[in-house]
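Chemist: The structure is given below, and queries will be raised subsequently.
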Amino acid sequence: MPDLTTRRQQLLAAIRQHGRPVTTQLAEQLLTGTWPTYGRNTARKDLRGLARCGHLTAVDIDGRRLYHPTTTREDGRS
């Protein structure tokens, strides 16, 4: 699934560039136009996948889930 890997890598790069916690809605906005069929459900799946891999940390605040980028070391690893 090369498209899945590439899409998630692009989302992670966009989140790190944004520099603040991200909601599903914001993740969708960050990749709108990059992927023709990128919608809210796909953003939700990608965010969960990135959190499972340790690239993001999920936090629930007032019933909303926010994803924070994890800190990376200088060598690029989490």
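The values are calculated or read from the model by the stated rules, or taken from the named source; none is laboratory data. Remember, predicted model here, so these are calculated numbers, not experimental data. Note that we place each Cβ from the backbone using ideal geometry, even for glycine, and neighbour counts take in every protein chain shown. For accessibility, only protein heavy atoms count, side chains too; no ligands or nucleic acids. Shrake-Rupley method; radii C 1.70, N 1.55, O 1.52, S 1.80 Å.
Chemist: Per residue, how much accessible surface does the chain expose to a 1.4 Å probe? Answer in Å², no decimals.
Modeler: On the way: 5300 Å² over 78 residues.
Counting only protein heavy atoms, the per-residue value for the chain is 68 Å².
Chemist: What Kirkwood Rh does the chain have if only Cα atoms enter the pairwise 1/r average? Answer in Å. Mind dumping the intermediate values first?
Modeler: Details: mean 1/r = 0.0791 Å⁻¹.
The Cα-based Kirkwood calculation yields 12.6 Å.
Chemist: Kindly sort L56, L26 by accessible area of their heavy atoms, largest first, with the probe set to 1.4 Å. Write out the running numbers ahead of the final one.
Modeler: On the way: L56 5, L26 40 Å².
Reading off the accessible areas and sorting them downward yields L26, L56.
Chemist: Oh, and also: Ignoring ligands, DNA and RNA, what percent of the 1.4 Å accessible area of the range 1-65 is carbon and sulfur?
Modeler: Numbers: 2040 of 4240 Å².
That fraction is 48 percent.
Chemist: So who's got an amide H within less than 5 Å of the one on T57, skipping anything under 5 residues away but keeping other chains? H placed 1.01 Å off N, in plane.
Modeler: H68, T70
Chemist: Report the gain in length on full extension from A13 to W35: 0.36 nm times residue separation, minus Cα-Cα distance, nm rounded to one decimal. Mind showing how you got there, number by number?
Modeler: Working: separation 22, 0.36 × 22 = 7.92 nm, distance 1.45 nm.
Result for the pair: 6.5 nm of gain on full extension.
Chemist: Give me the extension gain from R44 to V59: residue separation times 0.36 nm, minus the current Cα-Cα distance, reported in nm with one decimal.
Modeler: Stretched out fully, the R44 to V59 stretch lengthens by 4.0 nm.
Chemist: Using mean Cβ contacts within 10 Å as the protection proxy, how do 39-51, 59-71 order, highest first? It would help to have the intermediate numbers written out before the result.
Modeler: Values: 39-51: 17.2, 59-71: 12.1.
Answer by packing, highest mean first, reads 39-51, 59-71.
Chemist: Tabulate in residue order the Karplus-calculated ³J(HN,Hα) for the range 40-48, using 6.51 cos²θ - 1.76 cosθ + 1.60 with θ = phi - 60°, rounded to whole Hz; enter x for Gly and Pro.
Modeler: 4, 5, 5, 4, 4, 5, 5, 5, 4
Chemist: At 0.36 nm per residue, minus the direct Cα-Cα distance, what do T23 and T6 gain on full extension? Give it in nm, one decimal, please.
Modeler: Net length gain for the segment: 4.1 nm.
Chemist: Amide H to amide H under 5 Å from R65: which residues, 5+ apart in sequence or cross-chain, H placed 1.01 Å off N in plane?
Modeler: none
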